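Following this message is one structure expressed as structure tokens.
The values are calculated or read from the model by the stated rules, or taken from the named source; none is laboratory data. None of the values given here were measured: they were computed from a predicted structure. Positions of Cβ are generated from backbone atoms using ideal geometry, with glycine treated the same way; all protein chains shown enter the neighbour counts. Ligands, DNA and RNA are stripped out before the accessible areas are found, and what is left, the full protein with its side chains, is counted by its heavy atoms. Shrake-Rupley method; radii C 1.70, N 1.55, O 1.52, S 1.80 Å.
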Amino acid sequence: MLLDLEGVIQHATLSNEVAEEAAEEWRGRPWVETIADSGGSKVQRMVEDARERGVSAYRQVNQRFPSGLELPMEYTTVRLGGRAGLMAIGRNLK
């Protein structure tokens, strides 16, 4: 996912496994709002760490897709150059 510096989703590219999900519905929403249960604090830490240090540790969260599907995911977040934003790179743990 491409995020702005505040963690708002600008663009999402999904793997073939979940390609039918309507990821465009995430555009303009804070990433933290797409995470199930108590994973929001982990997402916020990843965003803050990437902003401050350039990269975050890997963290596991349950990603909630627009259809309601929830998948365990592991993400790291990387700061792009200047004010270009952040990139969250995830992999399905299922």
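How large is the charge dipole for the chain, taken about the Cα centre, if only the Cβ atoms of Lys, Arg (+1) and Asp, Glu (-1) carry charge, to the nearest 20 debye?
360 debye
Given the options Thr34, Thr77, Thr13, which has the most mean-square fluctuation in a GNM of the chain, springs set between C-alpha atoms less than 10 angstrom apart?
Thr13
Where does the chain land on Rg(C-alpha)/(2.2 N^0.38 Å)?
0.98
Further, regarding this structure: Send over a whole-number figure in Å² for the accessible area per residue of segment 1-53, probe 1.4 Å.
Value returned for segment 1-53: 57 Å² of accessible area per residue.
Running a GNM on the chain with Cα contacts under 10 Å, which residue among Gly68, Gly28, Gly54 ends up with the highest mean-square fluctuation?
Gly68
Which far-off residues, 5 or more places away or on another chain, put their amide H under 5 Å from the one on His11, with H placed in the peptide plane?
Here the answer is Leu2, since their amide H atoms fall under 5 Å of that of His11.
Same structure, new question: For segment 67-74, in order, what is each residue's ³J(HN,Hα) by Karplus, 6.51 cos²θ - 1.76 cosθ + 1.60 with θ = phi - 60°, in whole Hz (x at glycine and Pro)?
Each residue's phi maps through the Karplus curve to give 6, x, 4, 10, 10, x, 10, 10 Hz.
Please arrange Lys94, Lys42 by accessible surface area, largest first, computed with a 1.4 Å probe and ligands excluded.
These residues rank, largest area first, as Lys94, Lys42.
Which one of Arg59, Arg83, Arg27 has the biggest mean-square fluctuation once the chain is modelled by GNM with Cα springs under 10 Å?
Arg83
Angle check, please: helix 40-53 long axis (alpha carbons) against the longest principal axis of the chain (alpha carbons), in degrees 0 to 90, nearest 10.
Helix 40-53 sits at roughly 30 degrees to that axis.
Report, by chain and number, residues whose modeled amide H sits under 5 Å from the one on Leu80, excluding near sequence neighbours (fewer than 5 apart, same chain).
Gly85, Leu86, Met87
In whole Hz, with x marking every Gly and Pro, tabulate ³J(HN,Hα) for segment 81-90 from phi via Karplus 6.51 cos²θ - 1.76 cosθ + 1.60, θ = phi - 60°.
Per-residue couplings from phi come out as x, x, 9, 5, x, 10, 10, 9, 10, x Hz.
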